[in-house]
Amino acid sequence: MTAVLQTDRLILRRPAPRDWDGFRDFAMSDRAAGIGGPHPERIAWRVFCAELGHWTMLGCGMWAVSAKGDDTARGLIGPWCPVDWPETEIGWMLWRQEDEGTGIAAEAARAAIGHAWRVLGWETVVSYVGHDNPRSAALARSLGASVDASAPQPNPDKPCLVYRHPRPGARP
């Protein structure tokens, strides 16, 4: 599968061990609430290894997102479909607060969603968003997604909002 995508400003590449420090700092902070954090380092390690393993097992996964000309990862954005997920998801996490509101997440997520439809041939694309994450919900809506209240939940004991992304060319 495609290990690198490019947009006007960004490089989306397969995550690598060199991205651990940035992910660890994120995962151990309050910013990681959307992925069940903050996590102790031992759990952050396992989550990061799962990101790397997703690529090994499935040939795709969330890309490490960096600005062109700077290989420093700013977050992970892209396909996420572990074995127990009810649908194929495009997820996102920006590691640093200063990157919020810059359009990085939207630009990378658009590229990832397009890749999921065109290259991966996904039949469905959703994004799972916590009820207490209004910025993530706003991003999903800005990408054209809408809440699908009848969609299956990835964790029924802790329901979330399931944003369904429209197929290319679909009418609103």
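Read-outs: derived from the displayed coordinates by stated rules, not from any lab. Since this is a predicted model, take the numbers as computed values, not measurements.
Over the chain, what is the relative contact order in percent, taking alpha-carbon pairs closer than 8 angstrom and at least six residues apart? List each step's numbers first, then the result.
Numbers: 279 pairs, mean separation 29.7, N = 172.
Rounded, it is 17 percent for the chain.
The amide H of LEU10, built 1.01 Å from its N in the peptide plane, has LYS68 as neighbours under 5 Å, considering only residues 5 or more places off or on other chains. Taking every DSSP bridge with both residues inside the range 4-164, close to 95 percent are antiparallel. Karplus-derived 3J(HN,Hα) values for the range 69-86, using 6.51 cos²θ - 1.76 cosθ + 1.60 with θ = phi - 60°, are x, 9, 7, 6, 5, 9, x, 10, 9, x, x, 8, 8, x, 4, 9, 7, x Hz; glycine and proline are entered as x.
Proximity of backbone amide H atoms, modeled 1.01 Å from N, is registered between MET28 and HIS39 at under 5 Å, excluding neighbours fewer than 5 places apart on the same chain. In the chain, helical runs assigned H by DSSP with n ≥ 4 each contribute -39500 (n - 2.57); averaged across all residues and rounded to the nearest 500, the mean residue ellipticity at 222 nm is -9000 deg cm²/dmol.
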